[in-house]
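Only one structure is covered here, and it is reproduced in the block below.
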Amino acid sequence: MKFLLAVTLAAVYGLLIRLLFGSANGLLEIMSVTFLFLVPSLIGFLTVILMPARKITSGTAAFFTPWLTSSVLLVVTILLNMEGTICWLMAFPIFAVAAGAGGVLAYWLRKPKPKDLNANNWQRPNTLHVSLVFVVPLLLGAVEGEKALAPKQMVIERAVIINAPAADVWKKLISNKQLGQHTNKTSFSTLLGFPKHVSTTLDTLLVGGTRMAYYEKGLYFKETVTQYQPERLLVLRVDANPNATPAAVMDEHILIGGKHLDILEDVYDLRPLPGGRTRLALSSRFYINTPFNWYAGIWAHYLMTDILEGELNLIAEQAPTTL
């Protein structure tokens, strides 16, 4: 019973902090070192420090027990539509490890010392310590604010060899397409919740022309032709409108065109190859803006790589054969 009470209290603490950070946007940032590193550490600390001594008998138990609290928070915030599944899947590894570190710290602090006359009992937390656990992340979060955000541009490129001449590939590239289910297989990005591409339209092949890319769940991107060479090159400026993105599609932390992520430009490059084949490359220039781009960049790399490969495969599947 006390085990469940400890997990519940720590989870409630985490939920309250999440509500406070979410309601004080601009002052307290969820995409911050404070929230994604310190807060889970304190959640893990509370989980262990509130536990009966007999439930936490080793550092390993102290590390993994807070993962249960983290999982409870994951489920509750998704059910309450406070966080999206894709956002949690990205954050959970680092969140759980930080919570585990906090749990180990609590275990070490409360572990009876050899000279302690009351060595069979855990040291009880006092009111001051518990108050600090609640107040410290709010103070540090307010100090940090958006100061730690660091914009970083990235470029990802993928290519496919198509057994068709460049002229035919070019026609497929600039044509209006309604994509069938058989040409849009489940991928890593769709498993994480990114909508599938369903259709593409191009009003005119001129500089300033508009291409619209439509996805499931009402998501769409407006792309403007900024440069082209027939059968050779197509450069598109991506204009993502975050206000037009349905809330059910992406939460604010990974919203394309939002504060932390934006796609800037897509470039299609066609190169004729011997034997009537064509190398079609697609590169995307985008930026991420977080205090931990080293971690966000890993996810951005895998997601964008998967999305680009999916787009190339959609074109390649319309050709007779792909080598």
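See the values below:
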quantity	calculated
Rounded to the nearest 10 Å², the accessible area of L233 at probe 1.4 Å	20 Å²
Net charge of neighbours whose Cβ lies under 13 Å from the Cβ of L27, counting Lys and Arg as +1 and Asp and Glu as -1	-2
Surface accessible to a 1.4 Å probe, per residue, for the residues of the chain, Å²	50 Å²
The range 135-171 and the range 258-273: distance between their alpha carbon centers, rounded to Å	10 Å
Helix-only CD estimate at 222 nm, as mean residue ellipticity for the chain, using -39500 (n - 2.57) per DSSP H run (n ≥ 4)	-14000 deg cm²/dmol
Amide H within-cut-off set for E29, under 5 Å, with H built and near neighbours excluded	G145
Net charge of neighbours whose Cβ lies under 15 Å from the Cβ of E252, counting Lys and Arg as +1 and Asp and Glu as -1	-3
Whole-percent carbon and sulfur share, accessible surface of the range 219-323, 1.4 Å	54 percent
Candidate aspartates and glutamates for bridging to K172, where Cα separation is under 14 Å - those fewer than 8 sequence places away on the same chain excluded	E231, D269, E311, E317
Equivalent ellipsoid semi-axes - Cα gyration tensor, the range 185-232, angstrom	26, 12, 8
Per-residue ³J(HN,Hα) for the range 216-227, Karplus 6.51 cos²θ - 1.76 cosθ + 1.60, θ = phi - 60°, Hz, x for Gly and Pro	4, 6, x, 7, 8, 10, 9, 10, 10, 5, 10, 6
FRET efficiency, M154 to L19 (Cβ-Cβ, R0 30 Å, nearest 0.05)	0.40
Relative contact order of the chain, defined on C-alpha pairs under 8 angstrom at six or more residues apart (%)	18 percent
Carbon/sulfur fraction of accessible area - the range 1-123, other protein chains in place, 1.4 Å, %	71 percent
Under Karplus coefficients 6.51, -1.76 and 1.60, residue-wise ³J(HN,Hα) of the range 101-106 in Hz, glycine/proline x	5, x, x, 5, 4, 4
Sequence of S284, S58 from largest to smallest accessible area, 1.4 Å probe	S58, S284
Gaussian network model of the chain, springs between alpha carbon atoms under 10 Å - residue of V143, V225, V48 with greatest fluctuation	V143
Span from the the range 38-52 Cα centroid across to the the range 213-234 one, whole angstrom	48 Å
Options [x] 22.4; [y] 21.1; [z] 23.2 - which one matches Kirkwood radius over Cα pairs in Å as calculated here	[x]
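The values are calculated or read from the model by the stated rules, or taken from the named source; none is laboratory data. Since this is a predicted model, take the numbers as computed values, not measurements. When we count neighbours, we look across all protein chains shown, and the Cβ atoms used for this are built from the backbone with ideal geometry, even at glycine. Accessible surface areas use protein heavy atoms only, side chains included; no ligands, DNA or RNA. Shrake-Rupley method; radii C 1.70, N 1.55, O 1.52, S 1.80 Å.
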